[in-house]
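Computed from the coordinates by the stated procedures, all read-outs in this text should not be read as laboratory data. This structure is a prediction, so every number in the text was calculated from the model and none was measured. Quick reminder, even Gly has a Cβ in these numbers, built from the backbone with ideal geometry, and neighbours come from all protein chains shown.
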Amino acid sequence: MTSDRVVLVRLLDVERESTYFRAGQVPVEAGAHCVVDHSGPRLGIVVEQVAADVELSDQLEPILRVATDADLDAHRFNQADVERTLKATRATVARHALPMHLIAAEYSLDRRLLRVYFTAPHRVDFRDLLRDLATQFGTRMELRQMGHRDETRLRGGYGRCGVEVCCHRFLREPKPVPMEYAYDQELFVSPERITGVCGRLMCCLAYEREAYLAELATLPKLGSQVTVGDKRGKVIGHSIFRRTVTVLTGDRDRIEVDIAEITPLPTPKAPK
């Protein structure tokens, strides 16, 4: 079976996505800058090269060329021009009285496409705005509405842990984090303490969830009856890392004991 050269390229765009492209005869190597065809010419960095079936590679967008000094200069100029573009776009949005909060903007390498990212409290009819912006900038326009997690992913920031937020550093597709994840870890705290920069539950709640569930499965459930020595009580809390449980005794005392010191009592059968 014949194969063709396929490379993984990290695009130097706002979303910093990594995508596979068909290399063809373009002599690119890992770490090299290249120009790819991805909704217009865009600058990227080759991450790695892989072998793929020709039929598969034919479905991929191509690498156009190894980046030249002129390409690098054009990319830097476009990045430097973004703030001016956003300022002018905000003024146009204000004239249309649309509830749009602009996040970022980017040009294709040849400036034939301008893409603007924004958030809004609901879906926005921006057709008239789009026509005005296309006339104003003399290029093809795209407006992309994003969620609050996406805004944080693009802008970046620092979480409660003091480290740059994960979605900007390495998570490329943040997924919703339901409150169930906090309950699974018995984090009975105010929502503000487990809320991220984006205003949603922190993504890191999902990282250790499976480990928490596996450990909790080895501990007596909350509300179950146990004995500790000659005392009987109800489990009201766990400490997974210390491997202890908190028991509320019949005397209303709270005691924390190692799980080896407790004896679970059978659950009474419900009356028929």
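If you filter segment 63-123 for trypsin sites (Lys or Arg not before Pro), then keep DSSP loop positions with at most 11 other Cβ within 10 Å, what is left? Intermediate results must be reported in sequence, preceding the final value.
Numbers: sites: Arg65, Arg76, Arg84, Lys87, Arg90, Arg95, Arg111, Arg112, Arg115, Arg123; in loops: Arg111, Arg112, Arg123.
Filter output for segment 63-123: Arg123.
Defining a contact as two alpha carbons under 8 Å apart and six or more residues distant in sequence, what relative contact order in percent does the chain show?
Contact order relative to length: 10 percent.
Find out how many positive minus negative residues lie around Glu173, taking Lys and Arg as positive, Asp and Glu as negative, among other residues whose Cβ is under 11 Å from that of Glu173.
+1
When Lys and Arg each count +1 and Asp and Glu each count -1, what net charge do the other residues less than 15 Å away from Glu192, Cβ to Cβ, add up to?
+3
Please work out the FRET efficiency for the pair Leu265 and Ala206, using the Cβ-Cβ distance as r and a Förster radius of 35 Å; give the result to the nearest 0.05.
Calculated transfer efficiency: 0.55.
Please identify every one of the chymotrypsin sites (Phe, Trp or Tyr not before Pro) in segment 179-272 that sits in a loop by DSSP and has no more than 13 other beta carbons within 10 Å of its own beta carbon.
Of the chymotrypsin sites (Phe, Trp or Tyr not before Pro), the ones in loops of segment 179-272 whose Cβ has at most 13 other Cβ atoms within 10 Å are Phe188, Tyr207, Phe241.
Determine, for the chain, the count of lysine pairs separated by eight or more sequence positions (or lying on different chains) whose alpha-carbon distance falls under 21 Å.
Here the count comes out as 4.
Quick check on segment 81-146: of the DSSP beta bridges with both residues there, what percent are antiparallel, nearest 5%?
50 percent
I need the calculated FRET efficiency for the pair Asp37 and Gln136, taking r as the beta carbon distance and R₀ as 25 Å, to the nearest 0.05.
On the way: r = 26 Å, r/R0 = 1.05.
Efficiency, from the Cβ-Cβ distance: 0.45.
Of the labelled options (1) 20.5; (2) 23.4; (3) 19.5, which one gives Kirkwood radius over Cα pairs in Å as computed for this structure?
(2)
Pairs of alpha-carbon atoms within less than 8 angstrom and 6+ residues apart define the contacts here; what relative contact order does segment 92-242 have, in percent? Before the final figure, lay out each step's value.
On the way: 171 pairs, mean separation 20.9, N = 151.
Relative contact order for segment 92-242 comes out at 14 percent.
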